[in-house]
1. Just a yes or no: is a residue in the range 288-300 over 23 Å from residue 162 (Cβ atoms) and either under 26 Å from the mean Cα position of the chain (by Cα) or not in a strand (DSSP E or B) (or both)?
2. Count, please, the residues in the range 157-173 that happen to be without any contact (Cβ under 8 Å) to a residue 60 or more places away in the chain and assigned to a loop (DSSP other than H, G, I, E, B).
3. Going by what's in this entry, would residue 207 be described as under 30 Å from residue 316 (Cα atoms), free of Cβ contacts under 8 Å to residues at least 60 places away in the same chain, assigned to a strand (DSSP E or B) and in contact with a helix residue (DSSP H, G or I) (Cβ under 8 Å, 6 or more places away or on another chain)?
4. Examine the range 319-327 for a residue that is surrounded by fewer than 16 Cβ atoms within 10 Å (Cβ to Cβ), assigned to a helix (DSSP H, G or I) and at pLDDT 85 or above, and state whether such a residue exists.
5. Looking at 20, 74, 33, 51 in this structure, which one is modelled with pLDDT under 95 and at positive phi?
6. For the range 1-10, give me the residue count where each residue is without any contact (Cβ under 8 Å) to a residue 60 or more places away in the chain and either out of contact with any strand residue (DSSP E or B) (no Cβ under 7 Å at 6 or more places or on another chain) or over 16 Å from residue 132 (Cβ atoms) (or both).
7. Can you confirm whether residue 331 is part of a helix (DSSP H, G or I), within 18 Å of the chain's Cα centre (by Cα) and modelled with pLDDT under 95?
8. Given (1) surrounded by fewer than 13 Cβ atoms within 10 Å (Cβ to Cβ); (2) closer than 26 Å to residue 139 by Cα, identify the lone condition not met by residue 233.
C-alpha cells in the first residue's frame, strides 16, 4: 500500500492497523533542538481518544507513546523521530460476521477491489484509529510552530447535524467532550446524541480550525498553494466529504464587493479568503472547515452483497461513534499544523532572507 506519507521538508509516514499489535509514525525533517518528551503527547492524544464520554466509541486505549528515535537528552536531533503506540483494547470478534460481507458506505468494497485482500477487523488501515498517529506527529508541529513562529492552531465543532452554535467562547471549547464553543448548548447536544444512540443511527458534523499568528508569505503560487495542500490534508481525514477555506461555498452567493478583503492601514477589513491569497498566507488567521459524513457503522440493518455478489443484510455491531465529528477537532488541528510547519520550513529554505516589504497590517 503506497501513499502512507505526506509533506516535503517535514514529512510524516504512518503505519499500522486498527486491530494490529501497534500503530506508529515516522516524522522526518523536524529541526534539531526542540525539547520533546513523552508527556508532551498526553493532552492532545487524550482529546482525540475514544471512551471520553458516552457519546463516542467505548474502545479505551491507553495511547502511551513510545519514542523510539530522534531524541537525545530531551531534544530533537534532526534525525527521524519514530513514535509507537501499542493497541491494548482491540476486540476483533466484533467483526467476525464481516469476513465476506461489505458494509455499506465503508471502505470494504473498494479495498477488496483494489488489493484483493482486506483486514476486516475494525476497518484495518481505513480505521480512524490511524489518525492517532497524525495527532501525535502534530504535537511536534504545534510545539515548533508556537515556539519558533508564534503560531497557534485550534479548532472547534461548528455544527452537529442541524445544530449550530448560538454563541462563541474559546474557553468553552475545552470544557466539554464535544469541543463546542457555547456551553449552554451542551445539554441539547447530549440529548441529540442519546436519541441517535437509542435509534442506532448516526449524524454528520462540521469542524472549523483557525491558525492564528501565521505570517504573510507561507505557501507557493502554483502547485504548492497553501490552501490546496491544506485541503488535500484535511480531505485525507476519514469520513471527510468537504473542505472549505475561508467562506468556502458561501462565496457562491457573495458579490465581489462583499467578498474581497479590503486593505487599510489598520489591517484587513475582513477575512473571507481565510487568510490565504494566491496560495500564499496573507498574515490573517488561516481559517478552514471540514464536513464529515454520518458514521457508516450503524445498528440499523442495510442492504449489501457478499464476496459472491449475493444480497445480504448488514447490521454493524461493535463500538462506534454515533458522530465521528465529535472527536475530529484534534485531528483537523493536527493536519493543519503539519501542513503549516512544512510550509514554514519550505519558506525558510527559499525565502528566509527576504526582508519585510511593507508594515504588516493583519
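1. So in the range 288-300, the residues over 23 Å from residue 162 (Cβ atoms) come out as none.
Checked against the condition, which is being over 23 Å from residue 162 (Cβ atoms) and either under 26 Å from the mean Cα position of the chain (by Cα) or not in a strand (DSSP E or B) (or both), the range 288-300 yields no hits at all.
2. Residues that pass the stated criteria total 7.
3. Values: under 30 Å from residue 316 (Cα atoms): yes; free of Cβ contacts under 8 Å to residues at least 60 places away in the same chain: no; assigned to a strand (DSSP E or B): yes; in contact with a helix residue (DSSP H, G or I) (Cβ under 8 Å, 6 or more places away or on another chain): yes.
So residue 207 fails the test.
4. Residues of the range 319-327 that are surrounded by fewer than 16 Cβ atoms within 10 Å (Cβ to Cβ), as a first pass: none.
No, every residue in the range 319-327 fails to be surrounded by fewer than 16 Cβ atoms within 10 Å (Cβ to Cβ), assigned to a helix (DSSP H, G or I) and at pLDDT 85 or above.
5. On the way: 20 fails: at positive phi; 74 fails: modelled with pLDDT under 95; 33 fails: modelled with pLDDT under 95.
None of the other options fit; the residue is 51.
6. So in the range 1-10, the residues without any contact (Cβ under 8 Å) to a residue 60 or more places away in the chain come out as 2-5.
With either out of contact with any strand residue (DSSP E or B) (no Cβ under 7 Å at 6 or more places or on another chain) or over 16 Å from residue 132 (Cβ atoms) (or both) added as a condition, the list becomes 2-3, 5.
Residues that pass the stated criteria total 3.
7. Working: part of a helix (DSSP H, G or I): yes; within 18 Å of the chain's Cα centre (by Cα): yes; modelled with pLDDT under 95: no.
Considered against the rule, which asks whether it is part of a helix (DSSP H, G or I), within 18 Å of the chain's Cα centre (by Cα) and modelled with pLDDT under 95, residue 331 comes out as no.
8. (1)
The values are calculated or read from the model by the stated rules, or taken from the named source; none is laboratory data. Note that the structure is a prediction, hence the values are computed from the model and not measured. Here the Cβ is made from the backbone with ideal geometry for all residues, glycine too, and neighbour counts use every protein chain on show.
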